[in-house]
Every structure is written in C-alpha cells, then in structure tokens.
Ligand SMILES: Nc1nc2c(ncn2[C@@H]2O[C@H](COP(=O)(O)OP(=O)(O)O)[C@@H](O)[C@H]2O)c(=O)[nH]1
Ligand SMILES: [Mg+2]
C-alpha cells in the first residue's frame, strides 16, 4: 500500500527545503518506504525545484513545467504523475500540519470513502487566527459555492484533500481549471461520479499571509463557477 503526497509549489525557495525535509522525516516515520512525495513545480523562477532535487531525499521527486500556470495546474500535474494507492495534496507551507496525513490515510484505507476533503468549517477552531474579514469572506464564499456551484460539502476551498489513487487520477484527468478554482471542479466531478466524500475537520496550524485578494478573487470565482459547471456536465 503506497501513499503519494503531492505538493504544488510556486517560488517557495524560502521554505521548501525545510518543508521537504520535514515531510520526508514524517513520511519515513509513519509509512517506512511505502511513500512518495511529488513536488509539482508551477514554473518557479527562484530555483525551488533545484533546491528540492539537491536534497537527494529518497522517495522525493519533482515534476513540473517552465511557465507559471496556477495552483490547479500544478496539483493536477502532481496527481497525474503520482503512483500511490492513496493520493493526497497539501500546500508547500504545510498549513494544515502533517498529522492530518495519517488521519486521512486511516480513513481512506478503510475504503468506504474514496474522497476526503479537509474542512475548516467542521473544526471548532477551524478559523482560529483568521482576521474577522478573512473569516467572513471564507464563510460567505462557501455559501456562494453551495448556492450557485451546487457544492454539497462545507469547505470546498481547503488546501488539503485525499483520494483513493485510481479515483484521484480519474477525477484529475477530467479537470481543466488551472487557477485556484480547481478545488470546486474536483468536488463537482466527484459529486457527479456519485463518490462518497468524507469531511475531515481541520485547522490551520501554520498561518502565512494569503495572496488571495478577497474582493477581486471573489468576482473571478463567480465567473469560474459557470465555466466549471459546463465542463463538469460533460464528465461521464
Ligand atoms: N500563489 C500561488 N501559489 C501557487 C501557484 N502555483 C502553485 N502554488 C502553490 O499553492 C499553494 C497555496 O498557495 P498560497 O499562496 O499559500 O495560497 P492560499 O493558502 O490559498 O492563500 C502553495 O503550495 C503554493 O506554492 C501560483 O501560481 N500562485
Ligand atoms: Mg496558504
């Protein structure tokens, strides 16, 4: 039983060596040699890929491309290159910590749920450390997704998700969204495939400044929703 952890990265040179070393240690301790860590380089210009490669860690590899495309494209590239029976993805700053990896693994191996999404809304302290405006924006956005997007889960945007490996690769083979709205596409495809989705309560452990512009990105997202819904209609 092999587990793949995919990490999208874009200009993360200040933290990526630390992240790779920490993840490698955690995975070795919890999964011995039955793991791979796939860093998906989204056209970084700061040598992030070289930094990871130069560490020479076993079970760690870098995939990617030259031109920056967006987080969705990076995650898709990582997941489609993965070989695990269980596949997950998480952010380069390990915002949700690492214990969530084993927690998610235990649930996914049982087989009842082929898809797992972490949810800040389900955790009692899920929004701890958020400024009131970020918290309101995040919650409003979730409501909008439920209403207009047809999303039936509590936190589609959370940066940690896990899957049975074959299911992950099947879902992502239908994805087209390169930007931050890809999470929505993944959930809608999973719903369309009638897959059971487990919601794992999660909390941000490592806060770093978000590059999301609450107002500008919210409008972009609304435009994305209708495009994504059209694409998902064509899936199976
Ligand atoms: N900002 C940004 N992050 C990217 C991009 N491509 C991949 N990523 C990765 O996506 C993850 C989330 O990025 P972050 O800026 O923390 O976004 P946030 O947590 O949604 O505010 C990190 O692992 C990034 O390295 C990109 O084009 N822009
Ligand atoms: Mg972040």
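Just so it is clear, none of the values below were taken in a lab; they were calculated from the coordinates. Values in this document were obtained by computation on a predicted structure and should not be read as measured data. Neighbour counts are summed over all protein chains in view; Cβ atoms, including those assigned to glycine, are modelled from backbone coordinates with ideal geometry.
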Task: Separation of the residue 179 and residue 125 label points, Cα + 7 Å toward Cβ, nm - done: 3.5 nm
Task: Dimensions (Å) - the range 111-236, Cα atoms, principal axes, largest first - done: 41, 33, 23
TODO: Set the Förster radius R0 to 25 Å, insert the Cβ-Cβ distance between residue 143 and residue 209 as r into 1/(1 + (r/R0)^6), and round the FRET efficiency to 0.05.
DONE: 0.55
Open item on the list: To check my understanding: the extent here is largest minus smallest coordinate of the Cα atoms along each principal axis. What are those three numbers for the range 1-130, in Å, largest first?
Closed with: 39, 37, 24
TODO: Can you figure out the FRET efficiency of residue 45 with residue 17, using R₀ = 22 Å and their beta-carbon distance, to the nearest 0.05?
DONE: 0.85
Task: Between the range 159-230 and the range 1-57, the alpha-carbon center distance in angstrom - done: 21 Å
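Per DSSP helix of 4 or more residues, -39500 (n - 2.57); summed, then divided by the residues of the chain. What does that give at 222 nm, rounded to the nearest 500?
Details: 8 runs with 99 residues, N = 236.
When only DSSP H runs of four or more count, the value is -13000 deg cm²/dmol.
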- [ ] Would you compute the Debye intensity of the range 3-233 from its alpha-carbon atoms alone, equal scatterers and no solvent, and pass along log10 I(q)/I(0) at q = 0.08 Å⁻¹ to two decimals?
- [x] -0.26
TODO: Could you calculate the contour length gain from residue 222 to residue 83, that is, 0.36 nm times the residue separation minus the distance between their Cα atoms, to one decimal place in nm?
DONE: 46.7 nm
Task: In degrees, nearest ten, helix 214-233 long axis to first principal axis of the chain (Cα) - done: 90 degrees
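Fewest to most neighbouring Cβ within 10 Å: what's the order for 131, 177, 90?
On the way: 131 9, 177 21, 90 26.
Ascending Cβ contact count within 10 Å gives the list 131, 177, 90.
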Task: Extension gain from residue 67 to residue 55, taking 0.36 nm per residue of separation minus the Cα-Cα distance - done: 2.0 nm
Open item on the list: Compute the helix-to-body angle for 71-81: its Cα long axis versus the longest principal axis of the chain, expressed 0 to 90° and rounded to tens.
Closed with: 50 degrees
Task: the chain: angle of helix 132-144 to the longest principal axis, Cα-based, in degrees nearest 10 - done: 70 degrees
